[in-house]
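The values are calculated or read from the model by the stated rules, or taken from the named source; none is laboratory data. Because the structure is predicted, anything quoted here is derived from the model rather than measured. Neighbour counts run over all protein chains shown; Cβ positions are idealised from the backbone, glycine included.
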Amino acid sequence: MDQSPEIVSLDPQLLSDVLEDIQRIGKITNTEAKAQQIVDNLQLRIDRISDVSETVTYKPSVFCIEWVDPVMCAGHWIPEMVEIAGGVDCFGDKTKGSFVIDWDDVIKADPDKIILMPCGFGVSRALKDLESLEQREGWSSLKAVTTQQVYVVDAGSFTSRSGPRLVTGLEMLAEIIHPELNVDLIPADSVLRLFS
């Protein structure tokens, strides 16, 4: 019997797309019940963050940097994750992928928080790109820098790749954006706050 492989193309844009992809894979692999269990658990965690962040009255502006040369804002699911976590994404758009940002626009936006999440990099590798940002005119006077609200995250594990760990990435963003809510769900060694 010929068993040709089935090619399944996954191209999620939002967290809900990621959950639907898990269900699709479950159906294709005859593991629908397990897939549904995973999706239900992930949805509960997303709802928990959404419920907690709805209690905040202040939503800080957040600039998620996906690349430093050229400077690119994070796209795809990241703007949605920032929104669910109780922040306002300075540049990202839920309907688009990542795109290049003019540095003057960053200076004008003067974000409350900056999160460095270079695509596919862990914290130690991402730190190597920080020097490129520090050399840019106006970096040291940005609000996020002067108030010590610059973070580096393990993007390779929690923000760059579509899959269940994006929900952990959402929980991390919630803790970064609103530490006063004491979500306390950041895995060890996955986030570094600069200057602390």
Look through 181, 173 and report the one residue that is crowded, with 16+ Cβ neighbours inside 10 Å, over 22 Å from residue 35 (Cα atoms) and at pLDDT below 90.
181
Taking the stretch 110-128, which residues are surrounded by fewer than 17 Cβ atoms within 10 Å (Cβ to Cβ) and over 15 Å from the mean Cα position of the chain (by Cα)?
110, 124, 125, 127, 128
Positions within the stretch 87-105 being closer than 25 Å to residue 56 by Cα and of a type in the set (Gly, Ala, Ser), in sequence order
87, 92
So is residue 193 of a type in the set (Lys, Arg) and within 12 Å of the chain's Cα centre (by Cα) or not?
no
Within the stretch 27-43, restricting to residues that are assigned to a helix (DSSP H, G or I) and without any contact (Cβ under 8 Å) to a residue 12 or more places away in the chain, the one that is surrounded by the most Cβ atoms within 10 Å (Cβ to Cβ) is 32
Condition first: in a strand (DSSP E or B) and hydroxyl-bearing (Ser, Thr, Tyr). Now tell me which residues in the stretch 44-82 satisfy that.
61
Go through the residues of the stretch 123-136 one by one and say whether even a single one is at pLDDT 95 or above and aliphatic (A, V, I, L, M).
no
Checking residue 13 against (1) surrounded by 14 or more Cβ atoms within 10 Å (Cβ to Cβ); (2) in a helix (DSSP H, G or I), which test does it fail?
(2)
Would you be able to tell me the number of residues in the stretch 159-191 that are farther than 20 Å from residue 111 by Cβ and in contact with a Leu (Cβ under 8 Å, 6 or more places away or on another chain)?
6
